[in-house]
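The values are calculated or read from the model by the stated rules, or taken from the named source; none is laboratory data. Quick caveat: nothing in here was measured; it's all calculated off a predicted structure. Positions of Cβ are backbone-derived with ideal geometry, glycine not excepted, and every protein chain shown enters the neighbour counts. Accessible surface areas use protein heavy atoms only, side chains included; no ligands, DNA or RNA. Shrake-Rupley method; radii C 1.70, N 1.55, O 1.52, S 1.80 Å.
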Amino acid sequence: MTLLELRDVSKVYGTGPAQTHALDTVSLSVEAGSMVAVMGPSGSGKSTLLTIAGSLEDPTDGEVFVDGAALSGMSRAQRAQLRRRFIGFVFQDYNLLPGLTAAENVALPLELDGTAVRKARIAGMAALDELDLADRADHFPDELSGGERQRVAIARAMVGQHRLLLADEPSGALDSVNAESVMRLIHTACKRGMAAVVVTHDAQLASWADRVVFLRDGRVADQTRPTPGPETLLTPGPGR
Amino acid sequence: MSVRHALLALLTEGPKYGLQLREEFVARTGEVWPLNVGQVYTTLQRLERDGLVESDDAAEPGPQKGFRITTDGEQELSGWLRTPPDLTSPPRDELVIKVLVALRVPGTNVHEVIQVHRRYLVELMQQWTRLKEDEADFDLGLALVVDAELFRLDSVIRWLDAADGRLKRAAAEPATPDPAATPRIRLKVGVRR
């Protein structure tokens, strides 16, 4: 089942000589259960792709479908509801609200969507528990380590009925061991049926994905092919 | 890869037989470095000749012959662990040469050449990462080996990214070389194997 589809999406900023093509007829589909990484140099359009996929920005041309529904046919309120119910965002700087505990931060998207506070908190605790953060539930963000904050942010992105996870350099500020655990969590969430698009410039992190898409000058320049199982690494053969 | 020093390291834990050394070597290196038992015995004979290990004199050569490390062997191992490998001169890197050659071949898009290699390297990294995901939680040695391989491949991708960016910039702003002002540095490329 395709949870996200970008069909010939273009995004142009500015007009006249100052015009910039951030994205140029990009097509991409992400199935449930699949983690896609998007790599590319600065200015290649990675972040624009993510904000358009998350309905935070409109494309100049083309169409975005989330869970089969075209975003262009939705009102602002419908899109906001879609984001709260269906899409989880993870950013490099965590974006946790400092005045709320870990549990309150995770439950927030559900509460904003009208879920009863008690029910939202139960769902939030379940998400924290999945990421081994149950004992941190009552801590405020400034009482957590960087790795823990990002795991709380991932719990918030996975809470409730969220099916699509969009992450922009989710482990940017973390050391390599914490960065790895963030990618491992996202990959595990995908194996359980979510779909994820992770923007990163780091090949080690991108290599957690099932498919890596390379952007260049706003276009999809290339993508990885399905790889054979890791057992082939242990058998020296041609090309190794 | 120094089999010699790996065997010395295993013997610091106590006396061992040749076959046991082979099995432990393979297990501790995450099973990515196969080693045949003949190599183990040849290496042990040389270590004994050099006074770095001792064997049970009475025992016949073969699986029942035990070996232990000597004081000289311990010193040799300690020195080797702290001796950096020779990384001073640039290695003869086939990928670097391919990119340099691509620049000179008319009609070749060097960015496309770079991307072919970048994709291949990322695909290899995906395989290593799957191995880490599946197995490395249970095998610390394997996790360390996989990390080393991922960092090595990552550094090659970073070089490709840097080359890609540098070539793009050079195409946008062609440099005007002043041969008199820029003395050429002669690199001893290819000195090291």
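Please find, among B:VAL105, B:VAL116, B:VAL53, the residue that is under 30 Å from B:VAL146 (Cβ atoms), open to solvent by less than 90 Å² (accessible area, probe 1.4 Å), hydrophobic (A, V, I, L, M, F, W, C) and modelled with pLDDT of 85 or more. Steps first, please.
Details: B:VAL105 fails: under 30 Å from B:VAL146 (Cβ atoms); B:VAL53 fails: under 30 Å from B:VAL146 (Cβ atoms).
That would be B:VAL116, the only listed residue that is under 30 Å from B:VAL146 (Cβ atoms), open to solvent by less than 90 Å² (accessible area, probe 1.4 Å), hydrophobic (A, V, I, L, M, F, W, C) and modelled with pLDDT of 85 or more.
With a requirement of 3 or more residues that are more than 14 Å from every other protein chain (Cβ to nearest Cβ) and buried (at least 21 other Cβ atoms within 10 Å of the Cβ), the strands (runs of 3 or more DSSP E) lying completely within the stretch A:137-240 that satisfy it span A:164-168, A:195-199. Candidates A:ALA107, A:ALA167: the one that is among the small types (Gly, Ala, Ser) and touching a residue at least 60 places away in the same chain (Cβ under 8 Å) is A:ALA167. Applying the condition of being farther than 19 Å from A:MET39 by Cα and touching a residue at least 60 places away in the same chain (Cβ under 8 Å) to the stretch B:137-163 and asking which residue is surrounded by the most Cβ atoms within 10 Å (Cβ to Cβ) yields B:VAL146.
Note on the stretch A:11-39: residues that are of a type in the set (A, V, I, L, M, F, W, C) and away from chain B (no Cβ under 14 Å) amount to 8.
Looking only at the stretch A:79-100, filter to residues that are of a type in the set (A, V, I, L, M, F, W, C), in contact with a strand residue (DSSP E or B) (Cβ under 9 Å, 6 or more places away or on another chain) and within 12 Å of A:GLN150 (Cβ to Cβ); which one of those is least open to solvent (accessible area, probe 1.4 Å)? Steps first, please.
Of the stretch A:79-100, the ones of a type in the set (A, V, I, L, M, F, W, C) are A:80, A:82, A:86-87, A:89-91, A:96-97, A:100.
Subsequent filtering for residues that are in contact with a strand residue (DSSP E or B) (Cβ under 9 Å, 6 or more places away or on another chain) retains A:82, A:86-87, A:89-91.
Applying the additional criterion that residues be within 12 Å of A:GLN150 (Cβ to Cβ) yields A:90-91.
Details: A:VAL90: 1, A:PHE91: 68 Å².
Going through the qualifying residues, I end up with A:VAL90.
Among the residues of the stretch B:114-153, just one is facing another protein chain (nearest Cβ under 7 Å) and under 14 Å from the mean Cα position of the chain (by Cα), namely B:LEU150.
Identify the residue in the stretch A:82-104 that is part of a helix (DSSP H, G or I) and in contact (Cβ under 8 Å) with a residue 60 or more places away in the chain and, among all such residues, is nearest to A:VAL199 (Cα to Cα).
In the first step, residues of the stretch A:82-104 are kept if they are part of a helix (DSSP H, G or I); the result is A:82-86, A:102-104.
Filter once more, keeping what is in contact (Cβ under 8 Å) with a residue 60 or more places away in the chain: A:85-86.
On the way: A:ARG85: 22, A:PHE86: 19 Å.
Checking each candidate, the answer is A:PHE86.
For the stretch A:30-77, a residue qualifies if it is out of contact with any Leu (no Cβ under 7 Å at 6 or more places or on another chain) and hydroxyl-bearing (Ser, Thr, Tyr), and the qualifying residues are A:SER34, A:SER42, A:SER47, A:THR51, A:THR60, A:SER72, A:SER75. Please verify whether the stretch B:80-90 includes one or more residues that are modelled with pLDDT under 90, surrounded by 12 or more Cβ atoms within 10 Å (Cβ to Cβ), away from chain A (no Cβ under 14 Å) and over 18 Å from B:TRP159 (Cα atoms). Yes, there is a match, as at least one residue in the stretch B:80-90 is modelled with pLDDT under 90, surrounded by 12 or more Cβ atoms within 10 Å (Cβ to Cβ), away from chain A (no Cβ under 14 Å) and over 18 Å from B:TRP159 (Cα atoms).
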